[in-house]
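The values are calculated or read from the model by the stated rules, or taken from the named source; none is laboratory data. Since the model is a prediction, treat every value here as computed from it, not as a measurement. Positions of Cβ are backbone-derived with ideal geometry, glycine not excepted, and every protein chain shown enters the neighbour counts. Quick note on the areas: whole protein, heavy atoms, side chains included, nothing else; ligands and nucleic acids left out. Shrake-Rupley method; radii C 1.70, N 1.55, O 1.52, S 1.80 Å.
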Amino acid sequence: VSATGRTAADVLIDGETIAAVLSPGSTLLGHDLASSVDEVIDATGKYVIPGGIDAHTHMELPFGGTNASDTFESGTRAAAWGGTTTIIDFAVQRAGERVLDGLGAWHDKAAGNCAIDYGFHQIVGGVDEDSLKAMEGLVAEGVTSYKLFMAYPGVFYSDDAQILRAMQKAADLGLLTMMHAENGPAIDVLAAQLVAQGKTDPYFHGIARAWQLEEEATHRAIMLADVTNAPLYVVHVSAKQAVAQLAWARDNGKNVFGETCPQYLYLSLEEQLGAPGFEGAKWVCSTPLRSRAEGHQEHMWQALRTNDLQMVSTDHCPFCMKGQKDLGVGDFRAIPNGIGSIEHRMDLMYQGVVTGQITLERWVELTSTTPARMFGLYGRKGVIAPGADADVVVYDPAGHTSIGLGKTHHMNMDYSAWEGYEIDGHVDVVLSRGSVVVDETGFRGRAGHGKYVPRGLSQYLL
Ligand code: URP
Ligand code: ZN
Ligand code: ZN
């Protein structure tokens, strides 16, 4: 199955790459295929797809006074279990730090530890003369996209002047600007007022981060990108009104893209409100979960069909309840923001095929092919074709996957945000550059197999 169609075929792998895609019954120098190769993986009746590419992860991210709980080792192993064979993680630069130092630090965390291939985006959390200059070095490092934050004043936040200047630089360099589009200063005022009223439970995180402040920031990002001729990619879109801004921009010829995440397709603010005690902290992330009564989740699925949104990443940013999320007991502002989903993205999106939300081909496009094209990996990743890395998943539509602790849970978290979810499909075999890393016997990969993949420019630049 590819982004453009499906056909019965044999996939011939030689070493780390795909050698050929052959029609069934093809021969190799007069010999039938099975007798000519070292190993045969029988995928009869199953889907063979390019390995998943999760273009938004945060292994070991220092955030909210603690570090995201998956290391590159545990996080990429969990990714492999779930049929994801490439991640693009975010290296971090903060105000006062040097951009390339941040990138180097992330290389040090990842090198030798990953089960699957990895690339980096650069967070530019302190836009100034030095960081603007340093952005000039990113493309040569294989880092062709960077993220700015309109949220989190005092942490990663950029004001409009900083955003404008970074976008001008990005437009010059061919870098893709990724935007966390929420009006952080306004959110912080609302959050402080809620806490002063005694409204400290996790649910109020979502009340403070109102959809109006996502819509407004999305619009502002679009217009700043427009005036600087910078292509724009808005991350973790959750509000239907923000999607409307993206659709409007695209309809008006602006080079703008949007990503959503499984949590915004399935989970809701109402369920967070209904969770007992402090349990709602499990689903504290930014942008926040949105109201189901307002129809945001259905609208995200629709936008994935209409191509108003182009991709699904996880924003994998896991924290344990004990010792991490519980920092925010009594004040939701101190709950570290993030949900861990890296292991379940391919399954959760496949369930959208089962329920008729998206087609099989769109599943592949949203989770692998468009991420590869958007972030300069296509050809090597995102496609099963001669010369591509042999990152391949055999997916069984007759299989079943029960998600939760003690079942399919290999992320370093003491809870699952997806407890009880049932998937009518199963990741059977996963290959990373020609090596089987997961099969029916379990995880067969190793830390250090995964290599750094320098990325080319986005194929979506005009
Ligand atoms: O809640 C989230 N999304 N945490 C990760 C950081 C970010 O803004 O992507
Ligand atoms: Zn963000
Ligand atoms: Zn993120």
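A few comments on the model shown:
- Checked across the stretch 341-349, the condition of being open to solvent by less than 10 Å² (accessible area, probe 1.4 Å), within 16 Å of ligand 1 (Cβ to nearest atom) and more than 30 Å from GLY456 (Cβ to Cβ) holds for no residue.
- Taking the numbered list (1) in contact with a helix residue (DSSP H, G or I) (Cβ under 8 Å, 6 or more places away or on another chain); (2) modelled with pLDDT of 95 or more in turn, THR408 passes all entries but (2).
- Residues of the stretch 61-72 satisfying the condition of being under 16 Å from the mean Cα position of the chain (by Cα) and either within 12 Å of ligand 1 (Cβ to nearest atom) or in a strand (DSSP E or B) (or both): LEU61, ALA68
- Odd one out for ILE358 among (1) assigned to a loop (DSSP other than H, G, I, E, B); (2) in contact (Cβ under 8 Å) with a residue 60 or more places away in the chain; (3) crowded, with 16+ Cβ neighbours inside 10 Å: (2)
- GLY406 being in contact (Cβ under 8 Å) with a residue 24 or more places away in the chain and on the phi > 0 side of the Ramachandran plot: no
- Inside the stretch 149-174, residues that are in a loop (DSSP other than H, G, I, E, B), away from ligand 2 (no atom under 16 Å from the Cβ) and touching a helix residue (DSSP H, G or I) at 6+ places or on another chain (Cβ under 7 Å) make up a count of 1.
- Looking across the stretch 104-122, just one residue is farther than 21 Å from GLY382 by Cα, away from ligand 3 (no atom under 15 Å from the Cβ) and crowded, with 22+ Cβ neighbours inside 10 Å, and that is ALA110.
- Meets criteria (without any contact (Cβ under 8 Å) to a residue 60 or more places away in the chain and either surrounded by 15 or more Cβ atoms within 10 Å (Cβ to Cβ) or not hydrophobic (A, V, I, L, M, F, W, C) (or both)) for ARG455: no
- Residue satisfying all of: in the stretch 77-122; assigned to a strand (DSSP E or B) and aliphatic (A, V, I, L, M); farthest from ALA55 (Cα to Cα) among these: VAL92
- Spans of helices (runs of 4 or more DSSP H) in the stretch 179-288 with at least 1 residues within 15 Å of ligand 1 (Cβ to nearest atom) and within 20 Å of LYS325 (Cα to Cα): 184-196, 203-208, 262-266, 269-274
- Check on GLY96, touching a Leu at 6+ places or on another chain (Cβ under 7 Å) and open to solvent by 70 Å² or more (accessible area, probe 1.4 Å): no
Per-residue answers, yes or no, for (1) in contact (Cβ under 8 Å) with a residue 12 or more places away in the chain; (2) within 29 Å of LEU176 (Cα to Cα):
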| residue | (1), (2) |
| --- | --- |
| ARG6 | yes, no |
| THR27 | no, no |
| LEU33 | yes, no |
| GLY45 | yes, no |
| ILE49 | yes, yes |
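- The number of residues in the stretch 93-119 being in contact (Cβ under 8 Å) with a residue 60 or more places away in the chain and within 21 Å of the chain's Cα centre (by Cα) comes to 10.
- Residue check, ALA242 within 24 Å of LEU366 (Cα to Cα), open to solvent by less than 10 Å² (accessible area, probe 1.4 Å) and modelled with pLDDT of 95 or more: yes
- The set of residues from the stretch 123-148 being assigned to a strand (DSSP E or B) and either farther than 22 Å from GLY376 by Cα or aliphatic (A, V, I, L, M) (or both) comprises ILE123, VAL124, GLY125, LEU148.
- Which numbered condition GLY142 fails, given (1) in contact with a helix residue (DSSP H, G or I) (Cβ under 8 Å, 6 or more places away or on another chain); (2) open to solvent by less than 10 Å² (accessible area, probe 1.4 Å): (1)
- Every condition in (1) open to solvent by 30 Å² or more (accessible area, probe 1.4 Å); (2) more than 15 Å from the chain's Cα centre (by Cα); (3) farther than 30 Å from LYS199 by Cβ; (4) of a type in the set (D, E, K, R) is met by ASP391 except one, and the failing one is (1).
- The one condition in (1) away from ligand 1 (no atom under 16 Å from the Cβ); (2) in contact with a strand residue (DSSP E or B) (Cβ under 7 Å, 6 or more places away or on another chain) that PHE319 fails to fulfil: (1)
- Sole exception among (1) more than 30 Å from ALA230 (Cα to Cα); (2) open to solvent by 10 Å² or more (accessible area, probe 1.4 Å) for GLY280, by number: (2)
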